[in-house]
Structures are given as structure tokens and as C-alpha cells.
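Before any comments, here is the structure.
What follows is calculated from the coordinates using simple rules that are stated; it is not laboratory data. Remember, it's a predicted structure, so these values are computed and weren't measured experimentally. Using ideal geometry, Cβ is built from the backbone for each residue, glycine included, and neighbour counts are taken over all protein chains shown.
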Amino acid sequence: MTESPRHWVVLPAAGAGRRFGGPVPKQYLMLRGRRVIEHSIAAFIEHPLIAGCAVALSPEDAWWPETAYANHPAVKRVDGGAERSDSVANALTALVGQAADADWVLVHDAARPCLAAADLDQLLAALADEPVGALLAVPIQDTVKASEEAFDARVERTLPRQQLWRAYTPQAFRLGQLREALAYCRAQGIAITDDASAMEQLGLRPRLIEGRTDNIKITRPEDLPLAEFFLEQQGHQEP
Ligand code: CTP
Ligand code: MG
């Protein structure tokens, strides 16, 4: 009899936050009495289905030891890489041995501190009968225009909005398959900005799970007060 797959978390947190700017990387900024990354980890660590977590950090990161999870037995520190996909790949490698190839790995941006318990439960439930994997995503509300060149200001065409989604995290895939997909993209020189893209390169079709719109990624300075507001709306109490 095969055992049912376990669930692990990989948190890419090795970015420099160039678009956000400032002396402290955005994942360590304070948000309602805790650091951004502490919110992101807290969403998973107390969940009964989560077996453990690997956090990818810059080797020069001196802020991590100050966080509440630095010495947590279920949280492992791993060196990140040059791109987000390298950080994820390193963290996945760190899980090998502890985790099986068929186990699920939920990859979640450290810079996404507002993940609601209901969204995590929805994603985990979708995995129960899912061969490939799934990601939280939000249907696009705006009319979307495409331009011919990346920075050309003239409309080439309007894209059909009904089929467009914003890809959020967590994104959940099997440990073995996600490692294979990331290694393939790396070998082919294919740049990817999320984990589902790597799976798509293998011809696989991850399932889209409609999530909450407040699961934002902190990218620019104006996103921090927005995250503050969303946490307050979710009933988050300051410690
Ligand atoms: N990340 C990572 N390793 C990298 C780059 C990014 O682990 N080499 C992580 C970031 O820490 C973040 C997540 O991936 O939690 C999403 O990336 P992004 O929002 O782009 O963060 P940064 O790369 O830090 O920001 P920027 O692109 O503005 O520099
Ligand atoms: Mg980045």
C-alpha cells in the first residue's frame, strides 16, 4: 500500500526587493507587529497537514536570526540563488531525503503575507484528486491590452479577459516533477517567473483555483499599507 503524499512548503525569500527599495529587504519590514516573512510562514506552520518548510535566503541575510522561526524545528534555512527559480530549486533539493518524490510542495512568495486560511484549505483540498498540481489565481477584472513591443505605447490588440488570470501563490506540485521541470527550464535557458510556468514547459496543465484578491505580493512601497489594511480586514490581531 502506498502512503498518501505529505505536504511541504518552500518559501523563496532571497530577493533584494529592488522595486521596493530601502535599506531593509521588504520581507523583513514590520506589518502589524510582525515581519512580512513571519506572516507568510505563520499561514502554514500551524496547519496540521504541513510537514515542514524550507526557506531560501540570501547567504548574506543577517535578518533571519531575528525572526520567530529561525530556530523552529520544522523550518529549515537554505541558500537562495540568482533568480527566484534558483532559490526554489535549492530549497526543493534541501527537502530531498526528508520528502518523497510524490509529496506535494507548496511554493509561496515570502513577500505575500496576507494568505488566508480559507485559500490554503481550498488549495490543499484541490490536491486530493489532482495529478499535476494547482495554484491560487484571480480572474482579471480590467480590459487588457497588448502592445507590439514591451515598451511601445500603441495598442496591438485587446486580449479576451474571460480567459485571463493573475497567478498567485501558493502553487503546489509534486517534489520530483517540479525539480524536473525547473532543471529542464534551466538547461534550456527558459526564464520563468512562477513555478507553474516550469510545469507548463513540460506540457502539463496545472489547475487554477480561484483565490481571494487580497493575497497580494508586496512589490512596491504602496503595497505595504495595502497589506496592513487587508490583514486588519481579515481580523488579524497585533501581537
Ligand atoms: N526571490 C528569491 N530569490 C531570488 C529572487 C526573488 O527567493 N533570487 C523571492 C523574493 O524574496 C520574493 C519572491 O521570490 O519573496 C517573489 O519575488 P519578487 O517579488 O520579485 O521579490 P524581489 O526579487 O526581492 O523584488 P525585485 O524583483 O523588485 O527585486
Ligand atoms: Mg524579483
*Pull up the cross-link candidates among the lysines for Lys145, meaning alpha carbon to alpha carbon under 28 Å and not fewer than 8 places away within one chain.*
Lys217
*Let me know the Kirkwood hydrodynamic radius for the chain, please, with Cα pairs as the basis and the value in Å to one decimal.*
18.6 Å
*Only Cα pairs under 8 Å and at least 6 apart count here; give the relative contact order of the chain as a rounded whole percent.*
24 percent
*asked:* Please list log₁₀ I(q)/I(0) at q = 0.21, 0.22, 0.25, 0.30 Å⁻¹ for region 68-125, using the Debye equation with identical point scatterers on the alpha-carbon positions.
replied: -1.12, -1.19, -1.29, -1.23
_How much of the DSSP bridge set in the chain is antiparallel, in percent, rounded to the nearest 5?_
45 percent
*Of Glu130, Glu60, Glu148, which has the largest mean-square fluctuation in a 10 Å C-alpha GNM of the chain?*
Glu148
*Size of the dipole of the chain about the Cα centre, Lys and Arg at +1 and Asp and Glu at -1 on the beta carbon, nothing else charged, in debye to 20?*
200 debye
*Among residues other than Thr169 whose Cβ falls under 12 Å from its Cβ, what is the net charge (Lys/Arg +1, Asp/Glu -1)?*
0
